[in-house]
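Participant: I am attaching a structure below and will ask some questions about it afterwards.
Rule-based calculations on the coordinates, nothing more; no lab input. Treat the numbers as computed from the prediction; the structure is a model and nothing was measured. We place every Cβ from the backbone using ideal geometry, glycine too, and count neighbours over all the protein chains shown.
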Amino acid sequence: MDMNEIKEIFFQECEEQLAELESGLLKMNDGDRDPETVNAVFRAVHSIKGGAGAFGLDDLVAFAHVFETTLDCVRSNKLEPGVEVMKVMLKSADVLADLTNASRDGGSVDPSRSSGLVKELEALAKGELPSSSGAPAAAPAKAAAKPAPAAAPTDDSGFAPIPFSFDEFSEEEPPIAPATLEVTFKPRRDLYAKGNDATLLLRDLSRIGEVSLNCNTSAVPTLESLDPEEAYFFWKILVKSEKGEDGVRTIFEFAEWDCDLEVKEQEVSASDGTEELPMTPVPFDLSALDDDTGAEVEDNGADLVAEAVEAADTASKVVKLAGAAREKKESPSAAAAAAAAAAAAQNQANSAAGQTIRVDLDRVDRLINLVGELVINQAMLSQSVIENDANGTSSINMGLEELQQLTREIQDSVMAIRAQPVKPVFQRMSRIVREVADMVGKSIRLVTEGENTEVDKTVIDKLAEPLTHMIRNAVDHGIETPEKRTAAGKNPEGTVKLTAKHRSGRIVIELVDDGAGINRERVRQKAIDNDIIPADANLSDEEIDNLIFMPGFSTADKISDISGRGVGMDVVKRSIQALGGRISISSRPGHGSTFTMSLPLTLAVLDGMVVTVAGQTLVVPLTAIVETLQPEAQNIHSFGANQRLISIRNSFCPLVDVGRILNFRSVQANPIDGVALLVESEGGGQRALMVDAIQGQRQVVIKSLEANYTHVPGIAAATILGDGRVALILDVDAVVAASRGQSLKQEMSLAVAG
């Protein structure tokens, strides 16, 4: 593995650390004061700084160090993470992410932006809380100031001598007095499990100053109850060094999370200042621990360190003897039971750890494509056997059924590999809310739910752009200013809620704001002024709301960095439709708006019902079908000139002729001769789709029709059937919208298909 590969792994880990950082800061911003949350935030910055230092990323290291120092003040309860403090912390997390991206991609970050935050962080570390304007508040005045020197007498020309001392310019710095520190070092079992060695840590400690040390062995149990993997020793150490506390903590930098470490100034009593603890002295040569460079180890307390660390080696030998003694003492069956219990505990520990492996996404995509081809070939084999075996009882047919089940399990497992939670996308939106809110002078809080809802990675990658436009629209247009909210009896701080959940085999994402809602009169007038609709158009509230998706439509009075060009919501609509999804709007004036997006869980495969319509083979997504039924004459009712209804369990549902909607035939078919599919679309209610016949239920591989041919109204995609023919996948929502009067040929009509 070369250095570039190692560096790429580092930046991948940085993405995880930055996500952990922002998640923790958002919790703290919501009032979470759990020490573990604060420690997780600190560890994230600390890990990024440590890795960046290894690659010489000086700008990233410098900023992370100041950020880490301020977080350490919060961790040690020296700084209260109030509202203004958390604003600085969140901005610092954004800059840290920008510096990381710049280090990876070769870009740069505005120096004034990072230097300004560095000053704010340093001021916070000194206890200077930021004022409401964002500048640090002045530090408390000192108790007493030096009296001004008496004015010197002047001569006739008005010249007055000024007293001046050159002592302040002395180049000699005062010597740093060695500090005596008391260090308590208690390893945990994780320290040894991760390959760290207490011996080496104590050796490095002896190199920075004079060391006196005692090893506490009081926690060592009897041989019968001794656990070979447990850490029983701890050390109490006195260090006299000019390096101070920072020097001691640097030694334990990469082991601090796997041990209990306490460093404090030693209060030396009349005695030697050490506390007598049980210690096991063993002759030891510390030079054997030196590396190949032949570095010499100073004799500053080395003998005492050697005695203590050799005690650990002695304990290790005792552990092995204890294990051997227990094996001899236990019966074979008891030993086997103990081994089984140990194996079960190990398996449980491994599963709890959630072991992962990094795989290039291109490899996963290639695997998914191959599995898709496997599904198609399996369907072809099944089709051939069915055509040549009328009875369907041959051994080949039975084997193919098992192959079909196995293929389905492989397909599901492979798709699960590419399934990812939407959390990274949701976390990215919090930064957008902060930035846009600061630009427009509003106070807005983002609330997220369902962050762990999983969806195909290809869907996640394409969600960022539409969500960004929707968030910016909600902050800029939806939420009122604090003054208007206060006048309306609302909380001055607005709320934007982003949720994700699974529903009927799809993922539904909702964006809700508690703003003023859509001003329908203004939207209608803007549409008339822009010649989008005629002045005498009679539109429902839903149709007026959906006008905001029209290309070039905007209600902004002037063009700004945020809005005014009329491209945002149009991009949202086209992006969602490109994913095979639909978007709907629900708005209440004065109470806010809700945008609902319904998307497929995957863009690779789907379970579908293969049907025949006017001699054409279509696939209807199974997630949209509620039930299938055979219409009877007494249940069919005419409504208006061309509309028909079907009675289903004492309720009426519109009957839609799919062949007529898609122009496969010029006249409506007789419902009695076909089959009705009761479907449910987002926002469109239930409809009964009339088809000629049902061929069966199959899992099909989705092939993009637009990428390979062109867009076909009413058709979502295509697939390859077992006999090699191409079948079209029906766009149920578009067909339902067409049954309500919307033309399939219109790229954008007054109402967006629910």
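Participant: How many lysine pairs are close in region 384-532, with Cα atoms under 24 Å apart and the two 8 or more places apart or on different chains?
Facilitator: 13
Participant: Starting from the alpha-carbon convex hull of region 605-739, give the projected area averaged over all orientations, in nm². Could you put the intermediate results ahead of the total?
Facilitator: Numbers: hull surface 33.2 nm².
With the hull built on Cα positions only, its mean projection is 8.3 nm².
Participant: Another question about this same structure. Please tell me the relative contact order of region 437-499 in percent, rounded to the nearest whole number, where contacts are Cα pairs under 8 Å and at least six residues apart.
Facilitator: Normalised by residue count, the contact order of region 437-499 is 58 percent.
Participant: How high is the relative contact order of region 605-739? Use alpha-carbon pairs under 8 Å, at least six apart in sequence, and give a whole percent.
Facilitator: Values: 273 pairs, mean separation 39.5, N = 135.
Answer for region 605-739 is 29 percent.
Participant: Additional query: Can you tell me the dipole magnitude for region 605-739 around its Cα centre, using point charges on the Cβ only (Lys, Arg +1; Asp, Glu -1), in Debye to the nearest 20?
Facilitator: Numbers: 8 positive and 12 negative charges, 37 e Å.
Value, rounded to 20: 180 debye.
Participant: Multiply the residue gap between Thr481 and Arg574 by 0.36 nm, knock off their C-alpha separation, and tell me the result in nm, one decimal place.
Facilitator: Details: separation 93, 0.36 × 93 = 33.48 nm, distance 3.00 nm.
That works out to 30.5 nm of additional length.
Participant: Using a simple spin-label model with points 7 Å from Cα along the Cα→Cβ vector, what separation in nm is obtained for Asn397 and Asp362?
Facilitator: So the two model labels end up 4.6 nm from each other.
Participant: Mind checking which of Ser241, Val220, Ala198 is farthest towards the positive end of region 193-254's charge dipole, using Cβ charges of +1 (Lys, Arg) and -1 (Asp, Glu) about the Cα centre?
Facilitator: Working it through, the farthest residue towards the positive pole turns out to be Ser241.
Participant: Sticking with this structure for a sec: Identify the GluC sites (Glu not before Pro) of region 448-544 meeting these criteria: DSSP loop state and at most 16 other C-beta atoms within 10 Å of the C-beta.
Facilitator: When the GluC sites (Glu not before Pro) of region 448-544 are filtered for loop state and at most 16 Cβ neighbours within 10 Å, Glu451, Glu493 remain.
Participant: Which of the three applies to region 206-265, rounded, prolate or oblate, going by the alpha-carbon gyration tensor with a ≥ b ≥ c and a/c under 1.5 meaning rounded? Walk me through the numbers before you get to the answer.
Facilitator: Numbers: a/c = 3.33, a/b = 2.00, b/c = 1.67.
In terms of gyration-tensor shape, prolate.
Participant: Just name one of Gly580, Thr486, Ala500: the one whose Cα is farthest towards the positive end of the charge dipole of region 422-600 (beta-carbon charges, Lys/Arg +1, Asp/Glu -1).
Facilitator: Sorting the options by dipole projection puts first Ala500.
Participant: Ratio to report: Rg/Rh of region 79-120, with Cα atoms as the point set and Rh obtained by the Kirkwood method; give two decimals. Walk me through the numbers on the way to the answer.
Facilitator: Values: Rg = 11.6 Å, Rh = 11.0 Å.
Value, to two decimals: 1.06.
Participant: Take the Cα radius of gyration of region 668-727 and divide it by 2.2 N^0.38 Å, with N its residue count; two decimals is plenty.
Facilitator: Working: Rg = 14.2 Å, N = 60, 2.2 N^0.38 = 10.4 Å.
So the Cα radius of gyration is 1.36 times the expected 2.2 N^0.38 Å.
Participant: Using a cut-off of 10 Å between beta-carbons, work out the net charge of the residues near Asp94 (Lys and Arg +1, Asp and Glu -1, Asp94 not included). Could the numbers behind the result be given before it?
Facilitator: Values: positive: Lys91, Arg113, Arg431, Arg434; negative: Glu22, Asp98, Glu435.
With Lys, Arg at +1 and Asp, Glu at -1, the net is +1.
Participant: First check a/c for region 422-600, with a ≥ b ≥ c the square roots of the eigenvalues of its C-alpha gyration tensor; if it is under 1.5, answer rounded, and if not, answer prolate when a/b is larger than b/c or oblate otherwise.
Facilitator: Values: a/c = 1.68, a/b = 1.18, b/c = 1.43.
Oblate shape, in that a/c is at least 1.5 and b/c is the bigger or equal ratio.
Participant: Fully extended, how many nm does the chain gain between His711 and Asp197 (0.36 nm per residue separation, minus their Cα-Cα distance)? Spell out each step's value before the answer.
Facilitator: Details: separation 514, 0.36 × 514 = 185.04 nm, distance 6.39 nm.
Extra length from His711 to Asp197 when fully extended: 178.6 nm.
Participant: Here is a follow-up. For region 363-413, go through all pairs of different Cα atoms, get the mean of 1/r, take its inverse, and jot down that Kirkwood value in Å.
Facilitator: Working: mean 1/r = 0.0859 Å⁻¹.
Value: 11.6 Å, from the Cα pair sum.
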